[in-house]
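Each value in this text was obtained by applying a stated rule to the coordinates, not by laboratory testing. As the structure is a computational prediction, the values presented were derived from the model and not from experiment. Cβ coordinates were reconstructed from backbone atoms using ideal geometry, including for glycine residues, and neighbour counts include every protein chain displayed.
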Amino acid sequence: MSNLTLLIIRHGEKPPKKPEDFNYGEGVDAQGGKDPKSLAVRGWQRAGAWTALFGFDAFGPDYPKPDVIYAANPDQQGNNGDSISRRPLETIQPLADRLHIAPNVAYGVGQEDSLVNELKTLTGTVLVSWEHKMIGKQILPRLAGGQRLPNLPAKWDRDRFDVVLRFDRAQDGAAWRFRQLFPQLLAGDSNRPLGLGED
């Protein structure tokens, strides 16, 4: 079989940069120490929720266990000057630990071309945890490759951390099927499609 299921999530909730941002608390590392480059407490809750969703085969066929997991490299600064962030890796590390998978962190923010080129060569189920702006600006258009996909968002809303973007392909070179999924795992999660709010 050469089928590919690609699941894309945004990293979990982060500490606010501006007073008007949604306040999920300070960033903390896995040991509870303050770290502005890490997830907020709600982001760690989100990481646990993703682990339950993708790690136990308990939520049906929409949310399969990944065979491979990618996260943006936590030690690499983006080409656009974005600071280093541990959040994409922290978001999927509990799931990777549960499934005994070493996350692939070969690519950082700004290397989406290379990431997508590699993703297109894979088979099985692949999960990607990334930075939200680059998902909308770089990853999604490159995956679509000119194919018109209904409900494909042009951006990832800045206040949304609760959506799974699912791409399915029957074989290499085949057309994608695409869906936005809304598992609503934490209180306050929404079933509103992406692309309607601020990026």
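Quick notes on this structure:
- Relative contact order, percent, region 109-199 [alpha-carbon distance under 8 Å, six or more residues apart]: 27
- Hydrodynamic estimate: the Kirkwood radius of region 6-73 over Cα pairs, inserted into Stokes-Einstein at 37 °C and 0.692 mPa s, corresponds to D of 245 µm²/s.
- This ranking places Tyr24, Tyr70 by how few other beta-carbon atoms lie within 10 Å of each, fewest first, which gives Tyr24, Tyr70.
- Ordered by the number of other Cβ atoms lying within 10 Å of each residue's own Cβ, fewest first, Ser85, Ser129 fall into the sequence Ser85, Ser129.
- Here the relative contact order of the chain, from alpha carbon pairs under 8 Å that lie six or more residues apart, stands at 26 percent.
- Axis of helix 41-55 versus longest Cα principal axis of the chain: the two differ by about 30°, to the nearest ten degrees.
- Computed over region 74-158, Kirkwood Rh from alpha-carbon pairs, angstrom: 14.0
- The chain: most fluctuating residue of Lys17, Lys120, Lys37 per GNM, C-alpha cutoff 10 Å: Lys17
- Positive minus negative residues near Leu99 (Lys, Arg vs Asp, Glu; Cβ under 14 Å): -1
- Convex hull (Cα only) mean projected area of region 90-132, reported in nm² to one decimal: 3.4
- Computed from the alpha carbon atoms alone, the convex hull of region 106-199 holds 109 Å³ per residue.
- Dipole magnitude of region 1-157 about its Cα centre (Cβ charges: Lys, Arg +1; Asp, Glu -1), debye to nearest 20: 300
- Debye log10 I(q)/I(0) for region 1-157, one point scatterer per Cα, at q = 0.09, 0.13, 0.20 Å⁻¹: -0.28, -0.61, -1.42
- Within-11-Å neighbourhood charge of Tyr63 [Cβ basis; K, R +1; D, E -1]: 0
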